[in-house]
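Colleague: Sending over a structure as structure tokens; questions will come in a sec.
The values are calculated or read from the model by the stated rules, or taken from the named source; none is laboratory data. Quick caveat: nothing in here was measured; it's all calculated off a predicted structure. Methodologically, a virtual Cβ is constructed for each residue, glycine included, from the backbone with ideal geometry; neighbour enumeration extends over all protein chains shown.
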Amino acid sequence: MMTAPLKNSGPTTVEVALGDRAYDIVIGRDQLGSLGSRIAALRPGARTAIVTDRTVAKHWLAQIEASLAQAGIAHSHIAVDEGEGSKSYAGFAQVCEALIAAKVERNDLVIALGGGVVGDLAGFAAAAVRRGVDFVQVPTSLLAQVDSSVGGKTGINSPQGKNLVGAFHQPVLVIADTAVLDTLSPRQFRAGYAEVAKYGVLGDAAFFAWLEANHAEIFSGGAAREHAIATSCRAKAAIVARDERENGERALLNLGHTFGHALEAATGFSDRLFHGEGVSVGMVLAAQLSAQLGMIADDDATRVQRHLADVGLPTRLQDIAGFAQEGLADADALMALMAQDKKVKRGKLTFILLRAIGQAVISSDVDPATVRDFLARKLAQ
Ligand code: GLY
């Protein structure tokens with residue numbers, strides 16, 4: 001079984017092997033200060049524009065600017081409002097106009113400093129301004145470090161749905177400083193942890209077992225945290241390198257997301273259910289549906305649920321605040337939300353299901369009636 005390094009000994013580097021668009025993910029404590037020298041080595045002479053949000057700026061902007069200044073790199077910044085609302089047409093226009101006003105040129109660099117919202121928004125603006133400027137991801141949430149900053153999906157929300165407008169635009173560097181996670185609320189950290197656990201459940205049984213044994217140290221910030229983030233990034237990098245544009249295998253990364261997105265929509269994409277919390281409940285439902293379909297043993301589904309519950313994540317529909325009171329505890333309403341999420345093709349639903357813990361499969365012919373009955377039973381429990 002995998003073990004964590006006994007102590008921190010410099011950062012870990014994971015390569016995303018995409019040919020002439022390959023890049024490194026640097027993972028370790030206290031890495032923000034290395035940004036300037038890394039950019040100077042990667043893009044000599046480039047100027048930079050930092051895109052961040054106001055909360056992240058308060059914590060980390062000064063340190064980033066000092067690192068750039070020390071390396072002699074010109075920099076400007078724009079801070080958007082914190083939260084999903086900035087991933088909008090208005091937010092996109094605001095960032096693009098600021099980048100143009102800052103005279104960002106084709107050979108300059110945009111730096112996305114923040115969580116998933118900032119990374120997706122800044123990455124999309126970088127993809128669009130002057131038909132494409134390179135960008136660096138400096139993710140400051142656990143979710144962004146293990147998922148959204150890696151792989152090149154960028155974009156904004158449409159009033160008609162999440163992430164419906166965007167582009168594939170790979171960063172040229174990702175710096176995941178694990179010490180910045182110390183300022184996250186426990187709830188935010190837990191939500192990101194759901195995506196860490198996802199990599200074990202979908203493709204690495206030994207990693208899942210290691211998480212079961214070591215989750216406390218990941219939360220407290222020891223060497224296990226760095227190991228968990230590096231293992232997650234390695235898993236994602238391997239899948240992205242094989243299927244950058246999600247023509248197949250990359251869809252496995254959507255484990256828990258078919259149910260999860262419906263639950264997020266049912267709660268109005270609000271703070272009542274963070275994305276990672278929706279993924280947690282969704283992943284348990286996907287495991288339980290797999291068990292119902294005879295693909296895994298009931299005990300495997302129970303094990304997935306037990307681990308996520310052990311770290312304090314919601315794992316049942318009934319765990320979602322206000323869910324029953326608002327008439328959302330309705331199998332037909334949830335089915336309708338899943339249909340809106342574009343996962344229905346010719347009357348069949350696409351799910352990521354399990355053949356074992358550590359072996360997810362894309363299942364594109366799930367009968368909606370089976371799912372509806374399954375949800376109705378879960379809601380009645
Ligand atoms: N978050 C899923 C993906 O990057 O494909």
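Colleague: Taking the condition farther than 23 Å from residue 365 by Cα and either within 16 Å of the ligand (Cβ to nearest atom) or at pLDDT 95 or above (or both), does residue 191 pass?
Modeller: The answer is yes for residue 191.
Colleague: In region 29-51, which residues are in contact with a helix residue (DSSP H, G or I) (Cβ under 6 Å, 6 or more places away or on another chain) and either free of Cβ contacts under 8 Å to residues at least 40 places away in the same chain or farther than 16 Å from residue 107 by Cα (or both)?
Modeller: Answer for region 29-51, where residues must be in contact with a helix residue (DSSP H, G or I) (Cβ under 6 Å, 6 or more places away or on another chain) and either free of Cβ contacts under 8 Å to residues at least 40 places away in the same chain or farther than 16 Å from residue 107 by Cα (or both): 29, 30, 32, 33, 35, 36, 51.
Colleague: From 284, 304, 240, grab the single residue that is within 13 Å of the ligand (Cβ to nearest atom) and either in a helix (DSSP H, G or I) or within 15 Å of residue 203 (Cβ to Cβ) (or both).
Modeller: 240
Colleague: How many residues does region 272-282 contain that are in contact (Cβ under 8 Å) with a residue 60 or more places away in the chain and touching a helix residue (DSSP H, G or I) at 6+ places or on another chain (Cβ under 6 Å)?
Modeller: Initially, region 272-282 is screened for residues in contact (Cβ under 8 Å) with a residue 60 or more places away in the chain, giving 274-277, 279-280.
Add one more test, that the residue is touching a helix residue (DSSP H, G or I) at 6+ places or on another chain (Cβ under 6 Å), and what stays is 274, 276-277, 279-280.
Going through region 272-282 one residue at a time, the tally reaches 5.
Colleague: When region 243-277 is examined, which residues are found to be within 16 Å of residue 201 (Cα to Cα) and within 13 Å of the ligand (Cβ to nearest atom)?
Modeller: Scanning region 243-277 gives 249, 250, 251, 252, 253, 254, 255, 256, 257, 258, 260, 276.
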